[in-house]
Amino acid sequence: MTTLQFYPRYDGAVLIVSVVGDLSIDTRSWLADFVEGMLGTGACVVVDLSDVRLCDATSMTMLILIADRCRDRGGWLRLTGVHDLVARAFAIVAFGRVVPIYATVEAAVTGNEADRIKD
């Protein structure tokens, strides 16, 4: 059985969601549903993928949809903790041009461009 766990916390008005598990076709909607349920009037979200080993194409599409939902509410989605296979997959498709990826949670929260990972 596939499991995916979420650990939410806030830094001011920014929702930070640490994800544990694999983002795949079986679990892709779980993160979207979780984030949607957590969004209040603000929609500034950092997703920490430090404990994610896999993010397939369907999950990348889901992350883009979450980013669109955040933008529609006047906010943003930023990613951090991207490593190994996930980093390789994101680099191949230049994913960071669509959804910003940052070196640290702190940089993602503040939007520090010096710590933004470029494709």
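Read-outs: derived from the displayed coordinates by stated rules, not from any lab. Please read all numbers here as calculations on a predicted model, not as lab measurements. Don't worry about glycine lacking a Cβ; one is built from the backbone with ideal geometry, like all the others, and counts go over all protein chains shown.
Using the Cβ of T3 as centre and a radius below 13 Å, the other residues enclosed give a net charge of -2, where K and R count +1 and D and E count -1.
The distance linking the stretch 48-75 with the stretch 5-42 is 9 Å (Cα centroid to Cα centroid, whole angstrom). If you work out Kirkwood radius over Cα pairs in Å from the coordinates, which of (i) 14.0; (ii) 16.9; (iii) 16.6 do you get? Entry (i). Derived scalar couplings between HN and Hα for the stretch 65-80 equal 5, 4, 4, 4, 4, 4, 4, 4, 9, x, x, 7, 10, 10, 10, 8 Hz in order, rounded to whole Hz, by the Karplus curve 6.51 cos²θ - 1.76 cosθ + 1.60 (θ = phi - 60°), x for Gly and Pro.
With a cut-off of 11 Å between beta carbons, the residues surrounding C55 carry a summed charge of 0, where Lys and Arg count +1 and Asp and Glu -1.
Taking amide H atoms as placed 1.01 Å from N in the peptide plane, the amide H of D11 lies under 5 Å from those of I16, each 5 or more residues away in sequence or on another chain.
Between amide H atoms placed 1.01 Å from N, distances below 5 Å from I117 occur with I101, Y102, A103, all of them 5 or more places distant or on a separate chain. When +1 charges are put on Lys and Arg Cβ atoms and -1 charges on Asp and Glu Cβ atoms, the dipole computed for the stretch 4-112 relative to its Cα centre reaches about 260 debye. As a rough footprinting exposure proxy, the listed residues Y7, Y102 were ranked by other beta carbons within 10 Å of their own, and the order from fewest upward is Y7, Y102. Taking every DSSP helix (H) stretch of at least 4 residues in the chain, weighting each as -39,500 (n - 2.57) and dividing the sum by the residue count yields a mean residue ellipticity at 222 nm of -10500 deg cm²/dmol.
Positive-end ranking of S59, L31, A94 along the dipole of the stretch 4-112, with charges on Cβ about the Cα centre, is headed by A94.
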